[in-house]
1. What number, rounded to the nearest 500 deg cm²/dmol, is the helix-based mean residue ellipticity at 222 nm of the chain, given -39500 (n - 2.57) per DSSP H run of at least four residues and division by all its residues?
2. Which angle between 0 and 90 degrees, to the nearest 10, do you get for helix 152-172 versus the longest principal axis of the chain when only C-alpha atoms count?
3. May I ask you to work out the translational diffusion coefficient for the stretch 152-254 at 4 °C, viscosity 1.567 mPa s, via Stokes-Einstein with Rh from the Kirkwood sum over Cα pairs, reported in whole µm²/s?
4. If I compute mean projected area of the Cα convex hull in nm² from the structure I just sent, which labelled value in [x] 25.1; [y] 13.3; [z] 14.5 lines up?
5. If you find the alpha carbon centre of the stretch 173-201 and of the stretch 71-119, how far apart are they in angstrom?
6. Full extension from residue 40 to residue 61: what is 0.36 nm times the residue separation minus their Cα-Cα distance, to one decimal in nm?
7. Provide, for q = 0.20 Å⁻¹, the log10 of I(q)/I(0) from a solvent-free Debye sum over equal Cα point scatterers in the stretch 52-174.
8. On a 0 to 90° scale, report how tilted helix 98-109 is relative to the longest principal axis of the chain, with both axes built from alpha carbons and the result rounded to the nearest 10.
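No value in this document is a laboratory result; all are computed from the given coordinates. Since we're looking at a predicted model, the values are computed, not measured.
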């Protein structure tokens, strides 16, 4: 159980993280930064470093849990972190390389991004998610750039790219999985396409996304559950479901400018 008030816990924890040798800033993210946390919500802290980051320094702080190497979470823009228990609280620490952050900031301003795989994310993550964090997170130590709104170039390029990927995902399911009565693969394709379309909708609105937890609700796509609920391992049933999903996603995309 926690032994200190939240404010004291956060100040001490952030201060110790800020003391790591190459760390230039520490920020609070997730639901705690957005004022949407429950009493049992995790604490998400990002350490922004310049140059080489040594996870052994984080381990040396003595907090129980698992600390990854740099690159341990796939080597992309989310290049590692730690799951820790500090003063009875669950704390996630995310590594953020400032050189990478600044590069992806410039790319997003120019309307360019990549989509990278990340654990627990159906659609993967766009590299501009780093900007979403900068926009939403609360800086506790140091200084970080803060986007001045959603980049107009990104708002032009991201929606069609995401929605094009969603159409391709459903098209593959229609051509290859549904005719063979592959229930699991079809269900996975429908779910993934829904998440991709949700990214398209929110990018068109200029709304930042930091994870997939409420992605479908925010994009008005929770009704995709009704399609998933009809799936059965029969070619005709699966083909009909994929077509119905395509219709739902198309309508959501066409209404994308409506918040």
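1. Values: 10 runs with 116 residues, N = 259.
So the calculated ellipticity at 222 nm is -14000 deg cm²/dmol.
2. On a 0 to 90 degree scale, this one is about 50.
3. Working: Rh = 13.5 Å.
Roughly 96 µm²/s, to the nearest whole number.
4. Matching the structure shown: [z].
5. Taking the Cα centre of the stretch 71-119 as reference, the centre of the stretch 173-201 is 27 Å away.
6. On the way: separation 21, 0.36 × 21 = 7.56 nm, distance 2.37 nm.
Stretched out fully, the residue 40 to residue 61 stretch lengthens by 5.2 nm.
7. Results for the stretch 52-174 at q = 0.20 Å⁻¹ read -1.21.
8. The angle comes out at about 40 degrees.
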